[in-house]
Each structure stands twice: as structure tokens, then as C-alpha cells.
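Report on one structure; see the data block that follows.
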Amino acid sequence: TVKNASQSTYCFFDINMQLNLQREAEINNTMEQALKDKEFVVYLQPKVNLQDNSLVGAEALVRWIRDGIIIMPGDFIPIFENNGFVVNLDFYIYEEVCKIIKEWMSQGRKLVPISVNVSRVHLHDERFVDEIKKLVDSYEIPYNLLELELTESIFLNNTEAALSAMRKLRSLGFGVSIDDFGAGYSSLNLLKDMATDVIKLDKGFFGHDNMQREEQIIVSSIISMAKQLNMKVLSEGVETQNQSDFLKSVLCDMAQGYLFSKPMPVSEFEKLI
Ligand code: C2E
Ligand code: MG
Ligand code: MG
Ligand code: MG
């Protein structure tokens, strides 16, 4: 009967909610020890120059590895953003990245900048940029080897704080990029105030192999606009040769995606440089 159906539907959602709450509680109870136990691990995904496919940088992406099982950031970052732990985690990741760069410098390796993700939560703290500077100074690393990715959506609710952090970072010489650009919070008007080096085009533009004519027009227009504003464009989530060919033809500067490489452990990335 209809009544039974609706009851079972209710029950279904209830169990899922229960499971989510349990999962969240478990994450809350284990995160601090996990940080001490070094269960959070930096993976690096190559960024390539689209004109010649050469390696030009990397993005640091966190993985939670527990009992050999890899937990993806989408499963815990939103929880950490709610309970505030993302600040501790991010600074741990930033320090791990500093150590990696320091190691490369001492080994005389070819150096490429590494970008890290900045959670919106950091912008609640005015000392954020100073803390980053202090950290990087303590490792004696040139600022331009660290790039900070600020998600487009940060600029929606927290415009002034985001713009001010971005300007400060950039005036110190850190690399700065806008992540997930075009994901839905149209910030075209904000572009004029954004002191950014790089725009990272959201992977939503490249969700399928045959881009529609409309999508191609939008992507190529953003690229030409960015060039006139002296910004570089990196396309995220490039998975096919068609996409790469198209992006190259419209003079997109850089790309990141499974076509070139998945995020990988640092030791594997080092084989590329
Ligand atoms: P993001 O910063 O936009 O990172 C790009 C995401 O796209 C990564 O997912 C990456 O693995 C994935 N990706 C790369 N190439 C492809 C592709 O060709 N196809 C598809 N479908 N996906 C691709 P990941 O590693 O799961 O990270 C998800 C999000 O979690 C990141 O999105 C970022 O917002 C957040 N995140 C990751 N690490 C950190 C961190 O250390 N701190 C903070 N605050 N956020 C992080
Ligand atoms: Mg990112
Ligand atoms: Mg993002
Ligand atoms: Mg992104």
C-alpha cells in the first residue's frame, strides 16, 4: 500500500542518516590521533604546460590512509570545515609541502611550484597570511615555490577577507590561483579585483569528451579574457586527448587531469623530475 511504501522510504532515509552520523562521529573521534599518527598523506598531481606537455608544477591533495584504505578528501574535508579541524590539517599539509620542497632544494632537483588548497575557514583568522609566511620562512623556501589555491566560492560570502588575503599573499610573492573557476558562483565581475596569477577552470567544463560548441565558446572566451588581464589559465579534470587538443588550440596555458596523470605519492612524483 501507499502507506507502507512511504513508511519504508522514511525508514530508508533514517538508516542512512544514522549511518552518516555514525561515520561523522567516528571521524570526529579519530581525527586528532590520525594526525599524530601521520595518517594524512600528501599526494601530488602533475600540472603540465599544454603546448609541450612538460611538467610545470603540482597540486598537493590530501589522502587519509588508515589500515591501508585510502579515504578521499570529499569524505572528511567538509566535516573538518564544520568542526574547525581543517585549520590544523591544512597547516600540517602546508608544512609537509614545505618539507618536500626543502628536500628537493637540498637534492638539487629541478624545482616546480606546489600548490595547496586553502579552506574558506582560514579566512576567519586575520593572521592566516602571517602564519603561512612564518611557516615558509622557517624552512627558508622562496615564496614563489608555494602557490595557494583559493576556491571561487570563498569570494562569494567572504569577499573582502578573501581579496585582502589574496593581495597580501601575492604582494609577498606567493603564487595565487582561483580554484574551481566557473563552478557556479559567477565571479566575472570580481575578476577585476582578483590579484591572481592563475585561474583554474573547473572540471565541470570537461565532464564529457565532446564539448558542445557553447562550452567551447565559453572556455575560449574565459581564456582570452584571462590573457588580457595578465592571468594564466589551467584547465582541471582534463581526461581526453580531444579536450587537450581543443584547449591547446585556444591557447590554454596549463592542464591537470587523468589524461596526464592521477594524483600520486610523492616518491612516485619524484621519478618525474
Ligand atoms: P580541487 O582542489 O578542485 O582538486 C581537484 C580534484 O579533482 C582532486 O580531487 C583531483 O584528484 C580531481 N581530479 C584530478 N584530475 C581529474 C580528472 O581528470 N577527472 C576527474 N574526475 N577528477 C580529477 P580530490 O583529490 O578528491 O580532492 C577533492 C577536493 O578536496 C579538492 O578539489 C579540494 O577542494 C579538497 N582538498 C583536497 N586536499 C585538500 C587539502 O589538503 N586541504 C583542503 N582544505 N582541501 C583539500
Ligand atoms: Mg585545488
Ligand atoms: Mg576545490
Ligand atoms: Mg578544483
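The values are calculated or read from the model by the stated rules, or taken from the named source; none is laboratory data. Since we're looking at a predicted model, the values are computed, not measured. Neighbour counts run over all protein chains shown; Cβ positions are idealised from the backbone, glycine included.
At a glance:
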read-out	value
Any chance PHE85 is surrounded by 14 or more Cβ atoms within 10 Å (Cβ to Cβ) and closer than 22 Å to ASP37 by Cβ	yes
Residues satisfying the stated conditions in segment 93-138, i.e. among the aliphatic types (A, V, I, L, M), touching a residue at least 60 places away in the same chain (Cβ under 8 Å) and within 16 Å of ligand 4 (Cβ to nearest atom)	ILE114
Checking ILE222 against (1) of a type in the set (Val, Ile, Thr); (2) out of contact with any strand residue (DSSP E or B) (no Cβ under 7 Å at 6 or more places or on another chain); (3) under 27 Å from ASP245 (Cα atoms), the condition it does not meet	(2)
Any hit, segment 236-247, residues being away from ligand 1 (no atom under 12 Å from the Cβ), touching a residue at least 40 places away in the same chain (Cβ under 8 Å) and closer than 28 Å to HIS124 by Cα	no
Number of the condition not met by HIS122 [criteria: (1) closer than 15 Å to ASP179 by Cα; (2) within 16 Å of ligand 3 (Cβ to nearest atom)]	(1)
Residue that is within 16 Å of ligand 1 (Cβ to nearest atom) and modelled with pLDDT of 90 or more, where the choices are GLU160, GLU149	GLU149
Candidate set: segment 139-155, residues that are free of Cβ contacts under 8 Å to residues at least 40 places away in the same chain and not in a strand (DSSP E or B); chosen: the one surrounded by the most Cβ atoms within 10 Å (Cβ to Cβ)	ILE154
